[in-house]
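The structure appears below as structure tokens.
The values are calculated or read from the model by the stated rules, or taken from the named source; none is laboratory data. All of these numbers come straight from a predicted model, not from anything done at the bench. Cβ: placed from backbone, ideal geometry, glycine included. Neighbour counts: every protein chain shown. Ligands, DNA and RNA are stripped out before the accessible areas are found, and what is left, the full protein with its side chains, is counted by its heavy atoms. Shrake-Rupley method; radii C 1.70, N 1.55, O 1.52, S 1.80 Å.
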Amino acid sequence: MMNKYNDHTYSIIVFSQRCTLKKISVESQDVIVLKRDQLTRRLNRVIRGRQNVIDAQELHVVFEHLRTCTEVSDAVKSAHIENILEFKVK
């Protein structure tokens, strides 16, 4: 289902203000890395530069699909945190 939107999606990676971003190299125009205070301005720029590709009903379907991806168990969350901590140690 989501494949039909691949040409119209971005990966946006947002860091807090406390983070220091050093030498970030992004190889794709569909990936955006920024700090939280830059998010609204950047999203507005992206939105102004694009045409609408889906209507409100389709948007709701996409939203519901993505929302299910965020509903994970505490065990999955804990495993994710452990993976991050292991990566930091290396």
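Residue by residue, here is whether (1) at pLDDT below 90; (2) within 16 Å of the chain's Cα centre (by Cα) holds:
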position: 28; (1), (2): yes, yes
position: 33; (1), (2): no, yes
position: 36; (1), (2): no, yes
position: 53; (1), (2): yes, no
position: 81; (1), (2): yes, no
position: 86; (1), (2): yes, no
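For the range 5-14, does any single residue satisfy the condition of being without any contact (Cβ under 8 Å) to a residue 24 or more places away in the chain, open to solvent by less than 70 Å² (accessible area, probe 1.4 Å) and assigned to a loop (DSSP other than H, G, I, E, B)? Yes, that holds for at least one residue.
Filtered by the rule that a residue be surrounded by 10 or more Cβ atoms within 10 Å (Cβ to Cβ) and among the basic types (Lys, Arg), the range 59-77 gives a lone residue, 77.
Looking only at residues of the range 59-77 that are polar (S, T, N, Q) and in a helix (DSSP H, G or I), we find that the one that is farthest from residue 17 (Cα to Cα) is 68.
The set of residues in the range 15-43 that are open to solvent by 80 Å² or more (accessible area, probe 1.4 Å), assigned to a loop (DSSP other than H, G, I, E, B) and not hydrophobic (A, V, I, L, M, F, W, C) comprises 17, 18, 20, 22, 23, 25, 27, 29. Among the residues of the range 44-58, is there at least one that is touching a residue at least 24 places away in the same chain (Cβ under 8 Å), surrounded by 10 or more Cβ atoms within 10 Å (Cβ to Cβ) and assigned to a helix (DSSP H, G or I)? Checked against the condition, which is being touching a residue at least 24 places away in the same chain (Cβ under 8 Å), surrounded by 10 or more Cβ atoms within 10 Å (Cβ to Cβ) and assigned to a helix (DSSP H, G or I), the range 44-58 yields at least one hit. Condition check for residue 80 on (1) open to solvent by 100 Å² or more (accessible area, probe 1.4 Å); (2) part of a loop (DSSP other than H, G, I, E, B); (3) within 27 Å of residue 19 (Cβ to Cβ): one failure, at (2).
Output the residues belonging to the range 26-66 that are more than 24 Å from residue 4 (Cβ to Cβ) and of a type in the set (A, V, I, L, M). If the condition is that a residue be more than 24 Å from residue 4 (Cβ to Cβ) and of a type in the set (A, V, I, L, M), then 26, 33, 34, 39 are the ones that fit.
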